[in-house]
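To keep things clear, I will list the structure first and then write my remarks on it.
The values are calculated or read from the model by the stated rules, or taken from the named source; none is laboratory data. Just so you know, these numbers come straight off a predicted model, no measurement behind them. Every residue, glycine as well, gets a Cβ built from its backbone with ideal geometry; the counts of neighbours run over all protein chains shown. Just the protein is used for accessible areas: all its heavy atoms, side chains included, with ligands, DNA and RNA removed. Shrake-Rupley method; radii C 1.70, N 1.55, O 1.52, S 1.80 Å.
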Amino acid sequence: MKAPAFEYHDPTTLAEAIALLCRLENARPLAGGQSLMPMLNMRFVQPDHVVDLNRIAELSGIRVLPDGALEIGAMTRQRDIERDARVAQACPLMVEALAQVGHRQTRNRGTIGGSLCHMDPAAELPLVCAAVDAVVRIAGPGGEREIPFAEFPLGYMTPAVGPDELLVGLHVPAAPKGQGHAFLEFARRHGDFAIVAVAVLLDPGPDGRVARASVALGGVGPAPLRLAEAEALLRGTAVEDDAIARALATTASLDPMEDALVPGWYRRHLAGVLLGRALGIARERMA
Ligand SMILES: Cc1cc2nc3c(=O)[nH]c(=O)nc-3n(C[C@H](O)[C@H](O)[C@H](O)COP(=O)(O)OP(=O)(O)OC[C@H]3O[C@@H](n4cnc5c(N)ncnc54)[C@H](O)[C@@H]3O)c2cc1C
């Protein structure tokens, strides 16, 4: 099917884009189009207006702050982030995850902001943001606001961005020295959305034991899920095999979503298998 008819708008500044979103009824922002165009073609969404963000230069780019943290503009292409040495330094988890986001061709167009706002339950970038405690910046008619990523998902494919607002960027804290990381997923074919994905971060304290653990699962619930109990069980350990086993035991109580192809018990099984492997890899990388 072809996309339904809509009026196309081509702003060149953020202020202009927000003004359009405030004025127009039933408008949708267009970023890389890798999810929006299929949704238009399948008539899952039928906007009267499409507001193209691609000519708004101020929404793109990566900046490193004095403390090593990253500021990433919403319209920054996934492929540019994947290939940026500064991102590899500050957030290697994001680079590892990006290699599994669709295909090189989709990453050339797809943006980080588009992925966060589309918020597929199994998407890799929202999972990374949940694991690293990113902070997102949202602009609207009243100015800009910042919220922790944990407050960004409101429900299934629903980000906390109003119809007259735009995601403008995100703040990604720098990985502390010696952090171990791992991102693993299982998909039926390379480039498909994951059935289950897992992101793990282990921060060593001065004694070499885990001072902070971050364990996040994708594809299990409508939005990325942090496993607080597993994180607490890993804290203070040297990630010995029995500590891993205790953390894995917490996945037994997961109640994953199901669909026609994938039953909940299979997602729970995958969560345990992938988490065990990811903890082993992150342990090896923790220095
Ligand atoms: C073959 C194929 C395989 C794929 N595989 C994967 C995969 O494995 N993992 C994965 O995560 N993704 C996958 N994708 C999706 C891809 O990553 C998209 O890039 C991403 O989901 C959306 O990013 P986009 O920039 O293309 O956004 P768009 O498609 O342009 O927009 C997506 C949604 O976000 C909204 N939006 C976009 N930017 C903003 C903003 N700044 N503020 C407010 N709302 C905004 C749009 O209105 C729209 O509703 C795949 C896509 C294809 C075509």
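One table, with the values for the structure above:
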{"read-out": "ASP192-GLU284 pseudo-label distance in nm [points 7 Å out on the Cα-to-Cβ vector]", "value": "2.6"}
{"read-out": "Accessible-area value, ASP241, 1.4 Å probe, nucleic acids and ligands omitted, Å²", "value": "110"}
{"read-out": "Computed log₁₀ I(q)/I(0) - Debye formula, equal Cα scatterers, no solvent, segment 180-285, q 0.13, 0.22, 0.24 Å⁻¹", "value": "-0.44, -1.11, -1.28"}
{"read-out": "3J(HN,Hα) from dihedral phi, segment 18-29, Karplus parametrisation 6.51/-1.76/1.60, rounded to Hz, x for glycine, proline", "value": "5, 4, 5, 5, 6, 7, 8, 7, 6, 10, 10, x"}
{"read-out": "Most to least packed among 109-119, 135-145, 272-282 [average Cβ atoms within 10 Å]", "value": "109-119, 272-282, 135-145"}
{"read-out": "Tail beyond 16 Å, pair distance distribution of segment 128-168 (Cα, percent)", "value": "34"}
{"read-out": "Accessible carbon and sulfur surface of the chain relative to its total accessible area, %, 1.4 Å", "value": "53"}
{"read-out": "Paramagnetic label zone (point 7 Å from Cα along Cα-to-C-beta, ARG212; backbone N under 18 Å) in segment 105-131", "value": "127-131"}
{"read-out": "J(HN,Hα) series, segment 274-286, from Karplus relation 6.51 cos²θ - 1.76 cosθ + 1.60, nearest Hz, glycine and proline x", "value": "5, 5, x, 5, 5, 5, x, 5, 4, 4, 5, 8, 6"}
{"read-out": "Listed peptides 211-219, 188-196 by packing density, highest first (mean Cβ within 10 Å)", "value": "211-219, 188-196"}
{"read-out": "Two-site label geometry, ASN108 and GLU16: point separation in nm, points 7 Å out along Cα→Cβ", "value": "2.7"}
{"read-out": "Residue-by-residue Karplus 3J(HN,Hα) for segment 4-13, coefficients 6.51, -1.76, 1.60, Hz, glycine and proline x", "value": "x, 5, 8, 8, 9, 10, 10, x, 10, 10"}
{"read-out": "Overall Cα dimensions of the chain, principal axis frame, Å, largest first", "value": "59, 48, 32"}
{"read-out": "Residues with amide H under 5 Å from that of LEU30, placed H, sequence gap 5 or more", "value": "VAL51, ASP52, LEU53"}
{"read-out": "Net charge over other residues, Cβ less than 11 angstrom from the Cβ of ASP48 (K, R count +1; D, E count -1)", "value": "-1"}
{"read-out": "Residues of segment 32-65 with amide N under 18 Å of a point placed 7 Å along Cα→Cβ from ASN26", "value": "37, 39-52"}
{"read-out": "Heavy-atom accessible area per residue - the chain, 1.4 Å, Å²", "value": "46"}
{"read-out": "R0 of 25 Å, Cβ-Cβ distance ARG145-MET1: FRET efficiency to nearest 0.05", "value": "0.10"}
{"read-out": "Linear extension gain, ASP52 paired with THR158, 0.36 nm per residue minus alpha-carbon span", "value": "36.2 nm"}
